[in-house]
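A short write-up of the structure that comes next.
The values are calculated or read from the model by the stated rules, or taken from the named source; none is laboratory data. Source: prediction; values computed, not measured. Note that we place each Cβ from the backbone using ideal geometry, even for glycine, and neighbour counts take in every protein chain shown.
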Amino acid sequence: MADDDVPQPSSQYRREAFKASAVHNTSAQRRRQLAVAVGKEKREALIRAKRLCREAFFEDNEVSLERDMDTDEEKTILDAQTSQTVDDLKSALTYHFLLAFINLIGLVYFNQNISGKGATQKKVETLRELRRLLSKSEVPPVKAALQAGVIPLLVQCLAFGSPDEQLLEAAWCLTNIAAGDPEETKSLMPALPLLVAHIGEKSLVAIAEQCAWALGNVAGEGEELRNILLAQGALLPLARLMMSDKGSTARTAAWALSNLLKGPHPKAASELIKIKGVIDAIVQHLRKEDDELVTEVAWVVVYLSALSEVAVGLLLKNDVAQLLVGKLAASESLQLLIPVLRSLGNLVAADGYMTDKILIVGYNITEQLLSGLIKCLKNEHRVLKKEAAWVLSNIAAGSIKHKELIYSSEAMPLLIHLLLNATFDIRKEVAYTLGNLCVAPSKDLEQPSIIVHHLVSLIEHGCLPGFVHLVRSVDIQSARLGLQFLELVMRGMPNGEGLKLVEEDGIDAMERFQFHENEEIRNMANGLIDKYFGEDYGLDE
Amino acid sequence: MDIRPETLATWSLRSLSPEPQPRRAAEASLSSSAELPGFSTALLQLVAAPAVDDQIRLAAVVYFKNHLRFRWAPYAYDTASAISAPEKELIKTHLVAFMLNVPPRLVDSLRRAAAADDYHTVNGLLGAATSLFSKFRISFDNNALRLDLKYCLDGFAAPLLEMFLNTSRLISSNVTGPPETLRPLFESLRLCSEIFHSLNSIELPEFFQDHMNEWMSELLAFLGTSYSPAVEAEGTLDALRASICENLQLYMEKNEEDFKSCLGKFALTVCQLLMTSGSSLSRDQLTVTAIKFRTTGSTSVHHTLFGSPNFLQGICSSIIFPNIRLREEDEELFDVNYIEYIRRDVEGSDIDTRRRIACELLKGVALNYREQVTTITSMQIHEMLKLYATNPIKNWKEKDSEIYPVVALAPKAGSSAGYLVDVESFFTSIIVSELQEQDINASPMLKAGALKFFTVFREKIPKSAVITLLPHLASASDINPFLPLVMTNLFSALQLLESQENSYIMKCIMRVLGRCNVSSKVGIDRLARVLSEVCKNPRNPTFNHYLFESITALIGMSCEKDQFLICVFESHSFPVLQKILVDDVAEFWPYALQIFAQLVDVSKPPFSDTYLQLFQLLLLPSWKRSADAPALVQLLQAYLQKIPNELMTEGRLLEVILRSRRLLLVSRTEELEFYELSTVVENLPCEIIVPHLTNIWSVIFSLLKVRHVVKSVNSFMILQAFWIPNLKLISGAIERKLASVAATRLICESSVLSDDTFSELWGRMLDSIISLLAQPEQYFEQENGEPDLPETLGYSATFTRFHYGGKKEADRLKEIWDPKGFFVTSISRLSSSSPGRYGPVIHKYVDATNQAALLHLCTTYNCAIV
């Protein structure tokens, strides 16, 4: 759905060879989420992708959050001020150049400093003024600044050897420009090499952090800019910055990294995991109590686990799953729970190791995870519900014991309720979970056998209409899922009861595929109808 | 041969000809010139020439594709010559450039055409885009699809909106214009709306979310605004609205949260639209989709939007019941295109008709408001009944409108939901009177409805009531007394206008012939006549299938018992069947051959000349057609079983064998040839076949060599490299039995293998046999029901085994009924001949689990290996 901002694994989407005569139930498979996102990043993600910097990392008492300027009139004034300030900056830079030249002459001929300090002062003050203007409102006057030609000036200010304060202010200005529209973000292109250079180890931490922020905004824009940043070598210094002990620095770097890792191409993720110390830093940060830091690091884990098999192996080996489950159980923070859930989901979906070796039924961690998921299913927030159902569906694709554990847990009534009442995307995930609970794991391509008492109980609790509803869905994937469940019902319900149940409403629902353009689903539906409701159906009675 | 593009163009065009003669000639010319160097590039030139007619280019490009497929890298033993290396290079360079040139840059062309107000071109381009993008609707979500979608969205989402807004502005500045000017504009919007649907199918794309308000207010406007009556009456606007409703449906289901704010407005507008809905045909699609939208609404979490009592009453009386009522178009359909009517009404493929969809809405509303709806409905039914009673002849539609929802809303067996009415009393009071009416031609549609009611509720209706009805229906359980009448009626039904190829009637004939002994020549004669009629232009595969089934049923039921009838049959049907072969009616070959096989089977030798001539068929290249092969095998089998000696003495058999040798070496036909050879070997007595065996073996061994299965041919290598590893892969009950018995006899009876030097081979072989026998038995019960194939029956020639005339596959080893027992007793006998010798071999070479399995087998059959 639309909030799948998180590009998922280069997933193998397995499709089994399909025979009309034998409808295989494919639902008992782990499902990864798809790597290519078409939809918009939803609000909680949008806040993440690009961020304005409104407060300094360092002591700066002058910056106070002024009232937002939203009226048109105020906007016009702000724009005018901005253009003026950019012009001031321009002349300050020219003046500075002139002064530097004069100074050179003075040094040579008079052996004394004519000026310098004052000019630099002037320049920094103008920059600070500009930065304030750009930080003031919800909608910073980026357009005006760009029109006034601010980028080359800022690039100039980022030159090596410039005073720290100047670097900081320039990077800050760039950060907020990059937080704007796509075009505005792209305008940063000439500044990128210098920004990357300033996150290196020789820079002051505050400057590196501010540059990382700017880069994070750029990376948040899209694949094209991400690729440019990767080509310019932003990954390694950002990774090193994430190893910092300073909370805010590690957090900013992690956030920028998570933006940089977003797929769909998995290259960045597989390179990051190879960098020495990254996995240790992740583990170390995840142990901390700093929710904001943990949130950002968890997002890094989301992308790593989604895009790199190697990363999945390393994360599991380093007990990241246990740390995440701990956070899931303990935290109530939505911002934190989302990436934690998503990471756990990716880990479960990526590798049988997770269900086979870590989430062993009877271990504490398994109980903890299940109760964490139940907590999320009960949560008001849609995304949490959906993610939790997805994770659960993948656990439900595990062993018989996993299925029995979920079946006998508090999750069942919740899932059944959601199947019949929730919104589309949640219903779909829940349906996968419930479907998985009804089929025993099978190794080969043979039809999986049915866990009859789970199926019977689902039917008794009125789940069938929920699945029939899916068959009618405009979403073809859901429709297939619905059909697969109907197949289970017809094949698995004792005493041939399934046929009667499906006949009620299911046949009508299946009929819509009789001439459907999608061959697989057409064959599936027609095959089921022929097999179970062929010519002779009902004659024996 | 000449391969100038102009010549190729002529041939390509002729290869599309409906006339067989020029078509075959053109195909032959193409395939013989395909051998020439430069053919593929010449073909490509033709394809790339924009001046050439599209039809020709299409035919040429299809041929080009097949040409490359067979000749780009043919198998070494294939006869087709390969395309030369320089030509391949040439193709590689040109093909890419060509593909880049052909699809015009869509968006640019669109903009240009729109700017010039050339809506003819705009709609052409949009139409192309629509079909291009439809894959996003119908394919399963995966990463590759999403990448494509992303690409399309980047290029098309913004221009699409721009296009929609521009066209919409153009319409509003032209509101009073005549329908002819507005039509292409609405059509254009409809196409945009279809593309909108496709692009939004996977998930809500960023662009569409950002511009949702613009889109939704546009869509709402076209649902809510009415135009001049002339424009309204013209279908295009309604088609646009229908498409919009589908989009709403999509958004409501998948993007519930984002769409919530718009839902109320749309719900209201759609409702108004439905209530003002005219009953013209052009409105149908709109009504259907709009009601669907309402149905989804009424069952969704937002159903409270639709819940007030007035609203419910309004929905029922203004939307549901008016749409259930039969309209003139339905009557027309019933009269003119009864097949479509049957398909829709009786077989239930009416999912998208107004009537059915209205019932769906009724069901949907009833989901949350059952009591209210039941009350409203029963009142409505009562009203209609009264109206009908006042004048049954004029008001028969009222009665139909009450039967329909009762049938449509029938809860299926085992359901908890109640019936809309009391079925039994409804049946006796309303339905029976209709079915017992003397004049069978009065209110036929009402009768069709009543019959449908009868079939749907047959379980609910007491037997006594059914029996009294029997004389009125032609579906008695024992139809023998009525047989002649039934047959005459059925065949005369085939004479009715538009009913000449009615597959329902033919199916009925098939059933009757399959169960009853129709010992009349009339049937034969009539079927032959129908057959010769359809031969002229085979167009309805379902009908034809049932026709041939009827013929075999007739042979099976009648001719087998009465040799005289065979002669009758021959005299009637041979001309037609021969015509099929001579005219090469490819669709019918498999059928005709099966009938011949069946005839050979039931006839007693000596055979007439006709049959001997027929044997020549088996020597024709027709074996190449894979659809014919199984039927040819049946025919060959029939001959071999009936007159093996005659065939032998005339040397015909040798011909068959020699020819198979040739065909075996071509990869495409080898499987069929094995089929043919095994038929020969199986059906002939040993002494006839022995002289030819060396011949056959050499063919098979050289084949193994070609396939690199074994490097040098010697029989032990074959055992080691081919037989042993592949033995356990054999599937099929009969095949498995055959293989295990053969292998058992080999290790137990061959003197060569009993030599000590081959003990490893012996052990491995034993191991394979045990693996084979240890596999779980898979007996697939042949289904006994009639194969009901019409949906899959295509228009090309396919082989479909007859249900009535078909034979079961024969077990070639009837004397050995239990391969496991045979195996264990053989081994045990062998070991007792030299005790102590085989124990160590088994221990050494047989897999541990198989050893256990062997032991188990020994105990089961009470044997021992000593």
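Would a scan of the stretch A:458-475 turn up a residue that is among the β-branched types (Val, Ile, Thr), at the interface with chain B (Cβ under 10 Å from one of its Cβ atoms) and touching a residue at least 24 places away in the same chain (Cβ under 8 Å)? Taking every residue of the stretch A:458-475 in turn, none turns out to be among the β-branched types (Val, Ile, Thr), at the interface with chain B (Cβ under 10 Å from one of its Cβ atoms) and touching a residue at least 24 places away in the same chain (Cβ under 8 Å).
If you go through the stretch B:831-866 and keep only what is part of a loop (DSSP other than H, G, I, E, B) and either acidic (Asp, Glu) or farther than 16 Å from residue B:772 by Cα (or both), you end up with B:834, B:835, B:836, B:837, B:847, B:861, B:862, B:863, B:864, B:865, B:866.
Looking across A:129, A:138, A:169, one residue alone is charged (D, E, K, R), over 14 Å from residue A:93 (Cα atoms) and modelled with pLDDT of 85 or more. It is A:169. Residue selection: residue B:208 satisfies the criterion of being in a helix (DSSP H, G or I), within 14 Å of another protein chain (Cβ to nearest Cβ) and more than 34 Å from the chain's Cα centre (by Cα). Restricting attention to the stretch A:161-177, the residues that are among the hydroxyl-bearing types (Ser, Thr, Tyr) and without any contact (Cβ under 8 Å) to a residue 60 or more places away in the chain total 1. Going through the stretch B:20-45 one residue at a time, which ones are of a type in the set (A, V, I, L, M), loosely packed, with under 14 Cβ neighbours inside 10 Å and within 34 Å of the chain's Cα centre (by Cα)? Answer for the stretch B:20-45, where residues must be of a type in the set (A, V, I, L, M), loosely packed, with under 14 Cβ neighbours inside 10 Å and within 34 Å of the chain's Cα centre (by Cα): just B:28. Only one of these is part of a loop (DSSP other than H, G, I, E, B) and either aromatic (Phe, Trp, Tyr) or at pLDDT 55 or above (or both): B:802, B:822. Name it. Residue meeting the stated conditions: B:802.
For the stretch A:511-526, filtering for residues that are touching a residue at least 60 places away in the same chain (Cβ under 8 Å) and facing another protein chain (nearest Cβ under 10 Å) leaves 3. Considering only residues in the stretch A:187-222 that are surrounded by 15 or more Cβ atoms within 10 Å (Cβ to Cβ) and acidic (Asp, Glu), the one that is farthest from the chain's Cα centre (by Cα) turns out to be A:209.
Given the criteria touching a strand residue (DSSP E or B) at 6+ places or on another chain (Cβ under 7 Å) and either facing chain B (nearest Cβ under 10 Å) or not β-branched (Val, Ile, Thr) (or both), does residue A:482 qualify?
no
Remark: pairs (first residue in the stretch A:138-153, farther than 14 Å from residue A:183 by Cβ; second residue at pLDDT 85 or above and of a type outside the set (A, V, I, L, M, F, W, C); Cβ separation under 8 Å; 6+ apart in sequence or on different chains) = A:140/A:176; A:152/A:190. Within the stretch A:406-441, the set of residues being over 22 Å from residue A:489 (Cα atoms) and away from chain B (no Cβ under 14 Å) comprises A:409, A:410. Taking the stretch B:128-150 as the range and being closer than 13 Å to residue B:196 by Cα, surrounded by fewer than 17 Cβ atoms within 10 Å (Cβ to Cβ) and more than 13 Å from chain A (Cβ to nearest Cβ) as the test, only B:132 passes. For residue B:356, the stated conditions hold: it is modelled with pLDDT of 65 or more and within 14 Å of another protein chain (Cβ to nearest Cβ). The single condition among (1) of a type outside the set (Phe, Trp, Tyr); (2) surrounded by fewer than 16 Cβ atoms within 10 Å (Cβ to Cβ); (3) touching a strand residue (DSSP E or B) at 6+ places or on another chain (Cβ under 8 Å) that residue B:120 does not meet is (3).
Taken over the stretch A:235-248, the criterion of being under 21 Å from the mean Cα position of the chain (by Cα) and modelled with pLDDT under 90 is satisfied by A:248 alone.
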